[in-house]
Number of protein chains: 2
Amino acid sequence: MATALLLQAGVPPLHAQSQADLLIEAELRGHPSHGLLRLQRLLARISKGLINPSTSGLQSWNSPSFLDVDGQRGLGPVVAMAALDALAERARTAGVAVAGIRNANHLGMLAFYVERFARKGQIVLALSTSEALVHPWGGKRALLGTNPMAIGVPTGGDPFVLDLATGVVSMGKIHHYAQRGEAIPLGWALDSLGNATTDATLAKSGALTPFGAAKGYGIGLAIELLVASLAGSALAPEVRGTLDAEHVANKGDVLIVIDPPTHPGLAQTIDAYLEVIRNSPAQNPARPVSIPGDGARRRRSLALEDGIEIDVQLWASLDNARVATPSPSVLQDVPS
Amino acid sequence: MATALLLQAGVPPLHAQSQADLLIEAELRGHPSHGLLRLQRLLARISKGLINPSTSGLQSWNSPSFLDVDGQRGLGPVVAMAALDALAERARTAGVAVAGIRNANHLGMLAFYVERFARKGQIVLALSTSEALVHPWGGKRALLGTNPMAIGVPTGGDPFVLDLATGVVSMGKIHHYAQRGEAIPLGWALDSLGNATTDATLAKSGALTPFGAAKGYGIGLAIELLVASLAGSALAPEVRGTLDAEHVANKGDVLIVIDPPTHPGLAQTIDAYLEVIRNSPAQNPARPVSIPGDGARRRRSLALEDGIEIDVQLWASLDNARVATPSPSVLQDVPS
């Protein structure tokens, strides 16, 4: 359905598949906030010309290992995957390659990207900026993006995949609490006056607290400056276009691919270490110690068996949007 | 005095200056745990052959942008600065360069390195591993290093410098509380049985809690795996040699230097943004919002006026260690 809706909106088949894959992967891993919920906004952005679904971005190598990417309003996963393909190839010979991407749409769940390339044996870092939603540590106003980062590292088995945003929680979670009329814990957010609040509705127009106090704030700000410096993109207070259907997306993304040297036995040593951590005593015996990515992998594999739950209203509205079934000949062009 | 003691231990003048600079810079910035306190251990390690003060490491380019460094037991700042010089030069033409360093001694305060090269216009990331002192989130045993990272980004003025370790506090701070017989806040550390404790003495033989809960744990673990993969160094449970004078240092370090593309006006935009953050309303009016690195810079400039405070016992023992004054001819070789 996701692919069909994108095709119907004029997205070329391979690009539609890439965007749909990203959204469905987020659903499979239990992150519906990065899943099909985003599809209607993407379709609206395409219809308004805020997304050009045909481009995969204009790539130019500034230097042997630095790739400048003008996203040309392309779909986030299309532009990012094209950049990663180029970086991965370059890193194989050069050791490392970096891309700064501006003018691309929302990349969505960053784990999607780093996992794919870590699975092929390379280390990948992905950093993105976003609208100002997070307050500086000790401050009252939202001045930083949620600035997610993901890190993928190959192991002997499934790659290590870390994917986190630099707010203590996501604004999506605050919205869920507000919808259900539930209070949020103190320490998650401030209201619009900059006062600590447990009222989810007030928090929606306020600011998220950075994770990890001053240290997490520092990491969020470092990502803000790194991405702007490398991508030439806007800083949080000026960023628009990942949460609306009115503005061009002017945030930035940075991708780093490193080809690790060969260290015989290291993959096995890492696997054994991760198993030691998993099997180490837990503070709460009902909650075993886990490695970042374990939960997503478990949820994904359950969802592939049992399916995913989609909000009834969301399903109905996506179903309504399907004004016509794409012809079989178009669907045949879509790789499985 | 620091330089003289290192010269007396047989350290070549330029290397002695580099190591002493690092320690004094930590003192100036108000981080005595990374300052002269470390000098006696360094001297003991030199006298036992655990440090070879003459080498700056064996560098080999695995590929055009990946520098493999065997530290050859060299002094941390000597090996790291030599690697950074090579990376900075390579990044100017290639766009980016990465080093994996194994078998070097403790790098100490990472801000020292990233600031120096960010001041020359390049983006620098520094990551190190260390002895297992931090427990996984939800776990009971110390299985991760404190795994510090530093990020330096050029601005129009002083560079942005972030430098943090991935424990919620340092073990040094726990030791200070224990010395003074003070209780530590709940949430800083576990005792040796893995139970939360406010007893600093019990915490000394326990485990530090990761900063930022699951997210900070994830970042610490990512650094652990990244560094081991790129440097071929040991993982935390096997690491020795940064806190003792008995073992070869087998932790690793990763340095990344990126030459940022030119984006006209960006430095001024970044400066203005940082000023907006600094001048934004504070939750506590007595504690203005600050940018990472501001405090260290302020302390450094005060200390350059007023001097630094050195613990009386530490001073006495360093003074005692000076068995002979180096001859003036040797001191003349030391650049100012």
Original post:
Put +1 on the Cβ of each Lys and Arg and -1 on the Cβ of each Asp and Glu in the protein assembly as shown; which of A:Leu127, B:Phe66, B:Leu255 then has its Cα farthest toward the positive end of the dipole?
Top reply: A:Leu127
**OP:** For the stretch A:47-120 and the stretch A:121-137, compute the distance between their C-alpha centroids and round to whole Å.
**Re:** 15
Original post:
When all C-alpha to C-alpha distances in the stretch B:61-101 are sorted into bins of 10 Å, what percent of pairs does each bin hold, rounded to whole numbers?
Top reply: 33, 54, 14, 0
**OP:** Sticking to Cα atoms, compute the Rg of the stretch B:199-318 to one decimal and its Dmax as the biggest Cα-Cα distance, whole number, in Å.
**Re:** 20.8, 55
Original post:
Counting partner chain Cβ atoms within 10 Å of every residue's Cβ in B:121-132, what's the average?
Top reply: 1
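Multiply the residue gap between A:Ala214 and A:His175 by 0.36 nm, knock off their C-alpha separation, and tell me the result in nm, one decimal place.
Working it through step by step, the gained length comes to 11.5 nm.
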Original post:
Which three lengths, in whole Å and largest first, does the stretch B:187-230 cover when its Cα atoms are put on their principal axes?
Top reply: 37, 18, 14
Subject >> Nearest-first distances (nm) between copies at A:Gly138, label 7 Å from Cα via Cβ >> reply: 3.4
Original post:
Rounded to the nearest whole Å², what accessible area per residue is found for the stretch B:152-195 with the 1.4 Å probe?
Top reply: 44
Original post:
Using 7 Å Cα-to-Cβ label points, what is the A:Ala272/A:Leu14 separation (nm, one decimal)?
Top reply: 4.4
Original post:
Averaged over peptide A:51-57, how many Cβ atoms belonging to another chain are found within 10 Å of each residue's Cβ?
Top reply: 0
**OP:** Quote the charge dipole size of chain A about the Cα centre in Debye, to the nearest 20; the model charges only the Cβ of Lys and Arg (+1) and of Asp and Glu (-1).
**Re:** 340
Original post:
log10 I(q)/I(0), Debye, Cα-only the stretch B:17-80, no solvent, q = 0.16, 0.19, 0.25 Å⁻¹?
Top reply: -0.60, -0.76, -1.01
Subject >> Selected from A:Leu226, A:Thr198, A:Gly241, residue furthest toward positive end of dipole (the stretch A:190-246; charges at beta carbon) >> reply: A:Leu226
**OP:** Report the FRET efficiency, 1/(1 + (r/R0)^6), for B:Gln40 and B:Arg92, where r is their Cβ-Cβ distance and R0 is 45 Å, rounded to 0.05.
**Re:** 0.70
Original post:
So what's the net charge close to A:Gly145: Lys and Arg +1, Asp and Glu -1, counting the other residues with Cβ under 13 Å from its Cβ?
Top reply: -2
**OP:** Report P(r) for the stretch A:146-191: all Cα-Cα distances, bin width 5 Å, range 0 to the bin holding the largest distance, values in whole percent.
**Re:** 5, 17, 20, 16, 13, 11, 9, 6, 3, 0
**OP:** Determine, for each peptide in B:315-322, A:190-197, A:159-166, the mean count of other beta carbons within 10 angstrom over its residues, then list the peptides with the highest first.
**Re:** A:159-166, A:190-197, B:315-322
Subject >> Residue order for A:Thr242, B:Thr93 - accessible surface, 1.4 angstrom probe, largest first >> reply: B:Thr93, A:Thr242
**OP:** Quickly rank A:282-292, B:44-54 as a protection proxy: mean count of other C-beta atoms within 10 Å, highest first.
**Re:** B:44-54, A:282-292
Subject >> P(r) of the protein assembly as shown over all Cα-Cα pairs, binned every 20 Å from zero, in whole percent >> reply: 18, 53, 26, 4, 0
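If I take R0 = 41 Å and measure r between the Cβ atoms of B:Thr201 and A:Asp311 in this structure, what FRET efficiency does the formula 1/(1 + (r/R0)^6) give, to the nearest 0.05?
That pair, B:Thr201 with A:Asp311, gives E of 0.20.
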Original post:
What is the spin-label model distance, in nm, from B:Trp61 to B:Ala245 if the labels are put 7 Å beyond Cα along the C-beta direction?
Top reply: 4.1
Subject >> Mean-position separation - Cα centroids, the stretch A:291-316 and the stretch A:163-187, in angstrom >> reply: 20
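Quote the FRET efficiency, to the nearest 0.05, computed for A:Val323 versus B:Ser47 with a Förster distance R0 of 51 Å and r equal to the Cβ-Cβ distance.
Once rounded, the FRET efficiency stands at 0.05.
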Original post:
Rg/Rh for the stretch B:52-172: what does it come to with C-alpha atoms and Rh from Kirkwood?
Top reply: 1.01
Original post:
Per the 1.4 Å probe, what fraction of the accessible area of chain A, in percent, lies on carbon and sulfur atoms?
Top reply: 52
Subject >> Residue-count net charge about B:Asn52 - beta-carbon cut-off 12 Å; Lys, Arg +1, Asp, Glu -1 >> reply: +2
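Taking each residue in B:229-235, count the Cβ atoms of any other chain within 10 Å of its Cβ, then average. What number comes out?
6
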Subject >> Label distances, nm, A:Asn279 versus same residue in remaining copies, Cβ-directed 7 Å point >> reply: 5.9
Original post:
From largest to smallest, what semi-axes in whole angstrom does chain A give when each is the square root of 5 times an eigenvalue of its alpha carbon gyration tensor?
Top reply: 28, 27, 23
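Note the buried accessible area between B and A here, summed over both chains, with a 1.4 Å probe, in Å² to the nearest 100.
5600
Net charge near B:Arg41: determine it from the other residues with C-beta under 14 Å of the C-beta of B:Arg41, scoring Lys and Arg +1 and Asp and Glu -1.
Value of the local net charge: +1.
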Original post:
Nearest-to-axis residue of chain B, judged by Cβ, for the B-to-A rotation, with distance in whole Å?
Top reply: B:Gly212, 1
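The values are calculated or read from the model by the stated rules, or taken from the named source; none is laboratory data. Keep in mind it's a predicted model, so treat the numbers as computed, not measured. FYI the Cβ positions are ideal-geometry reconstructions off the backbone, even for glycines, and counts take in every protein chain you see. Remember, those area values only see protein heavy atoms, side chains included, never the ligands or the DNA or RNA. Shrake-Rupley method; radii C 1.70, N 1.55, O 1.52, S 1.80 Å.
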